[in-house]
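Colleague: Structure incoming, see below.
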Amino acid sequence: MTPSSWHIGNWARGLALLLLALALAPLHAHAALVPLVAEAVELESQVEATKIEKQEHDAELDSLFAEFKTNADEARAILKKNASDYSVQNRTKLSQVRARLARDRDLADALATRGSLDTRILQARIDALGPPPAEGASEPGFMTERREELTKRLGTIQQPILRLRDAQVTAAVLVSELDETISDLTQRRLFQGGQSPIDPRLWVGSAKDVTSGITKAAAAANKAVAEHGAGYVTLGVLLVLGIVVGLPLFGVFARRFITRFVEKRLLSAGGVARRLVLTILLDSLLALVLGISLFLATLVLLAALIPLIGAESIGELAASFILAGIIIAIGHWLGRGVLMSPFPELRLITLPEEGARRALLIVRRIAYVLAAELVVANLEEYNLLGSDLSRLLSAMLVTLGAWLLWQLANSILEARRFWESRVGKSATDTQPDATLDFATPMARAIKVFALAAFIAALIGFALLARYIFAALLLSLGTICTAIYVHRSFALFVTSLTTGRLHRYRRVLHFLPLLSGIAATLLVIPVLAVIWGYSVYEIGDTLLALRNGVNFGEIRISAGDVFTFFIVFFIGFFVTRWLQRFLKVSIMPEFGMDAGAEAAIITFFGYIGITLSAVVAIATTGLDLSSLAFVAGALSIGLGFGLQSVVENFTSGILLLVERPIKVGDWIEVGEHSGIVRKIAVRSTHVETFDRHQIIIPNSQLITEVVKNRSFSAAPTRIVVPVGVAYGTDLENARSILLEIAQSNGKVLETPEPAVAIEGFGDSSINMKILAFVREATDGAPTASEIYFAIASRFAAEGIEIPFPQRDLHVRTLPDELIAKPGPA
């Protein structure tokens with residue numbers, strides 16, 4: 001093949017390839033356009049779906065706003081009327097409207113909060129574009145278009161959020177107003193006076209109610225006799241009475257049998273934890289047996305009363321009787337637990353055996369009275385009992401209950417006197433404030449409330465008397481139940497720490513503290529409900545605690561407070577553990593003295609606690625910059641109010657930094673002398689040589705003169721004076737003293753000890769040993785040892801240690817002076 005033909009062939013092949021590429025280009029383009037078209041179709045469908053979703057969302061919001069408006073209009077119509085236009089029966093309707101508005105308020109707040117996230121995101125995107133151009137300036141067109149687009153979307157999103165906030169605020173105001181109206185109705189009902197029980201008209205009206213009830217019962221009985229026969233009706237009545245009376249009696253005998261069986265066979269053996277569990281189970285079982293027997297008797301009684309009261313009222317009455325039975329069962333259980341528990345730690349009051357049984361009987365009778373009062377109140381509410389008869393029965397029950405409460409208060413005072421007699425008068429006289437006396441003020445408060453309930457019932461305020469009586473008993477029952485449960489749990493945990501879990505005792509001892517806090521947090525809302533706060537108001541309070549309360553620009557919630565304390569305590573315990581780790585494992589490796597180690601560990605503790613507080617505050621999400629103003633104001637107040645405390649704290653920091661004194665030093669401050677044991681935040685603890693603890697404010701150590709015998713690291717010189725008689729060989733005495741000083745193990749070889757003559761005294765030549773010891777605290781013990789050695793060696797060497805002597809000359813008087821009488 002020639003070169004020309006080769007080139008022609010290559011050119012032909014290139015041309016063919018080019019034509020083939022041009023022919024296939026549309027196909028490649030089509031293949032490349034397929035995903036683009038699909039993406040465009042998908043995007044269009046997403047946009048369409050977004051539009052449909054937005055329309056549905058708008059429709060839901062419109063429906064929601066319409067419901068908000070309906071409930072708000074109903075509340076406005078109610079609030080425009082006077083409170084006197086509403087009767088007590090309207091309270092339920094008002095509560096229902098209030099519940100719907102509270103639900104609307106919470107829903108609007110939740111939706112607005114959820115929508116605020118999108119608002120913040122869009123605002124952040126707008127801020128990311130930078131500030132708008134100043135007047136006369138310009139920016140790229142695409143940025144202007146982007147800013148306008150985001151601003152428009154922000155306005156679109158904020159519109160429903162603003163409507164939701166408006167609905168939330170409106171509902172909140174209406175809820176507050178409805179709460180006031182409901183409270184007014186409740187107070188008007190409580191202070192609605194009536195006839196006094198000593199008024200004959202009330203007794204006449206009650207007699208009419210009784211007569212009317214007997215007439216209805218007789219008519220129902222005659223109807224039953226006509227339908228079923230007298231024998232059948234008589235048998236039914238006797239059967240019902242037998243069951244109603246027999247079931248509670250069976251419960252009482254069953255309780256006694258169970259008590260004797262369990263106490264004889266189970267409670268006499270076993271550990272504290274086992275006996276405690278069995279005791280609680282026994283008390284609970286006894287209460288359960290009584291409650292079941294009363295429940296069955298109630299069902300039989302209500303079934304028999306259907307012909308008299310109708311089937312439509314049976315449900316309400318059944319709930320009332322069941323609640324009354326629960327009150328009686330709780331009264332039996334709680335009274336036995338807090339008055340006659342085999343564990344003295346669980347008894348709220350300590351009485352002798354006879355007094356405890358009498359108090360238990362009083363508690364059970366009070367439970368029966370409260371249950372009867374509850375049944376009477378419900379019968380009146382469902383119009384099954386005449387108003388006159390209901391008020392008379394309430395007054396009589398409250399009077400009986402007030403008398404029983406007075407007896408219970410006397411039992412509490414008797415328990416206080418019994419405890420004082422057991423402790424002894426001497427302890428009471430010497431330590432009058434050793435224990436807090438809760439019994440006396442509690443007994444007085446019970447008497448005051450009992451007297452108030454009796455007076456209210458006597459002057460005709462039956463509902464007020466019922467309210468005081470029931471609220472007092474329910475409050476006492478709630479508090480006593482919480483204390484009993486808490487003490488039982490604490491006793492159970494304590495018994496565990498003495499067994500296999502002894503190694504975890506420090507951790508387990510926190511469990512009773514946590515249970516006490518939990519019981520307190522549970523009891524507070526229950527007491528609030530008992531004394532008139534509605535469940536809705538308690539729920540609003542808890543919701544506000546959960547969502548947070550605004551203090552200026554700071555929002556604090558219960559979760560934030562809980563998080564703060566949890567994080568702070570974790571940091572605190574970690575700091576203490578690290579301090580112990582440093583003291584035990586790290587510091588001994590550096591060979592530091594005790595004072596330096598104490599200073600470093602104390603500084604580390606300050607830093608750890610400060611960091612724990614800062615981290616705890618930051619964990620809650622609080623803005624620390626906003627707290628700077630509060631801290632500044634507090635610092636000014638603390639500077640004036642706690643000036644001495646701040647001064648001592650600052651002085652303590654200076655002592656740790658400059659270290660003029662340290663732990664282990666022998667210091668003298670004024671008339672006090674001793675060893676520094678601890679440099680705390682406010683004061684320094686000094687232990688004298690008599691083992692007395694002296695607490696010295698840190699500021700006194702900074703501002704006053706302090707003699708620190710251990711300040712310098714150089715050896716401490718001791719001086720041991722000794723006298724020898726005139727005529728003693730001084731060189732011999734000097735060599736003996738040097739030998740004694742050099743032979744003592746605590747005397748340093750360098751500087752070497754020396755002996756010098758201090759002077760010539762009246763009866764001795766005064767010499768002294770000058771020696772050095774390593775620590776200041778070694779001076780007195782070393783001097784004592786040298787004195788003992790000197791006495792022993794001088795006695796062996798025959799060297800006399802002189803001491804002052806006096807000669808006494810007695811002269812005999814002449815006989816004539818002795819015989820001559822003195823003046824009369």
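Colleague: Can you give me the long-range amide H partners of residue 694? Hydrogens built in the peptide plane at 1.01 Å from N, cutoff under 5 Å, separation of 5 or more residues or another chain.
Modeller: Those qualifying (amide H under 5 Å, at least 5 residues apart or on another chain) are 686, 687, 688.
Colleague: When you count, for each residue, the other Cβ atoms within 10 Å and take the mean per peptide, how do 770-783, 525-538 rank with the highest first?
Modeller: Most protected by this proxy first, the peptides run 770-783, 525-538.
Colleague: Compare the Cα positions of 776, 740, 759 along the charge dipole of region 716-797 (+1 at Cβ of Lys, Arg; -1 at Cβ of Asp, Glu; about the Cα centre) and return the one farthest towards the positive end.
Modeller: Of 776, 740, 759, it is 776.
Colleague: Summing +1 for each Lys or Arg and -1 for each Asp or Glu, what net charge is found among the other residues whose Cβ lies under 15 Å from the Cβ of residue 394?
Modeller: Result for the local shell: -3.
Colleague: While we're on this one: Would you give the gap between the C-alpha center of region 738-787 and the C-alpha center of region 331-385, rounded to a whole Å?
Modeller: 82
Colleague: Which FRET efficiency, nearest 0.05, do residue 345 and residue 592 yield, Cβ-Cβ r, R0 35 Å?
Modeller: 0.15
Colleague: Now, a different point. At a Förster radius of 51 Å, what calculated FRET efficiency corresponds to the Cβ-Cβ distance of residue 579 and residue 749, to the nearest 0.05?
Modeller: 0.80
Colleague: Tell me which GluC sites (Glu not before Pro) from region 106-215 have a DSSP coil assignment and no more than 15 other beta carbons within 10 Å of their own. It would help to have the intermediate numbers written out before the result.
Modeller: Numbers: sites: 135, 145, 148, 149, 177, 180; in loops: 135.
Those satisfying the criteria are 135.
Colleague: Taking neighbour counts of Cβ atoms within 10 Å as a proxy for exposure, in what order, fewest first, do 333, 403 appear?
Modeller: 403, 333
Colleague: Something else: Sorting 113, 170 on the 10 Å Cβ count, fewest up front, what's the list?
Modeller: Details: 113 14, 170 20.
Listing 113, 170 from fewest to most nearby Cβ atoms yields 113, 170.
Colleague: Can you compute the charge dipole magnitude of region 716-797 about its Cα centre, using +1 on each Lys and Arg Cβ and -1 on each Asp and Glu Cβ, nothing else charged? Give it in debye, rounded to the nearest 20.
Modeller: 140
Colleague: Can you pull the percent of Cα pairs in region 352-419 with separation above 19 Å?
Modeller: 44
Colleague: Let me ask another. Assigning unit charges at the beta carbon (Lys, Arg +1; Asp, Glu -1) and nothing else, what dipole magnitude in debye, to the nearest 20, does region 648-777 show about its Cα centre?
Modeller: Working: 13 positive and 15 negative charges, 135 e Å.
Using only the charged Cβ atoms, the result is roughly 640 debye.
Colleague: Another question, if that's okay. What number, in nm² with one decimal, is the all-direction average of the projected area of the convex hull of the alpha-carbon atoms of region 716-797?
Modeller: On the way: hull surface 20.5 nm².
Reported value for the Cα convex hull: 5.1 nm².
Colleague: Moving on to the next point. Give the value in nm², to one decimal: projected area of the alpha carbon convex hull of region 648-722, averaged over all directions.
Modeller: So the mean shadow area of the Cα hull is 5.7 nm².
Every number here is computed from the coordinates shown, using simple stated rules; none is lab data. What you are looking at is a predicted structure, and each value in this text was computed from that prediction instead of being measured. Virtual Cβ from ideal backbone geometry, glycine too; neighbours counted across all protein chains shown.
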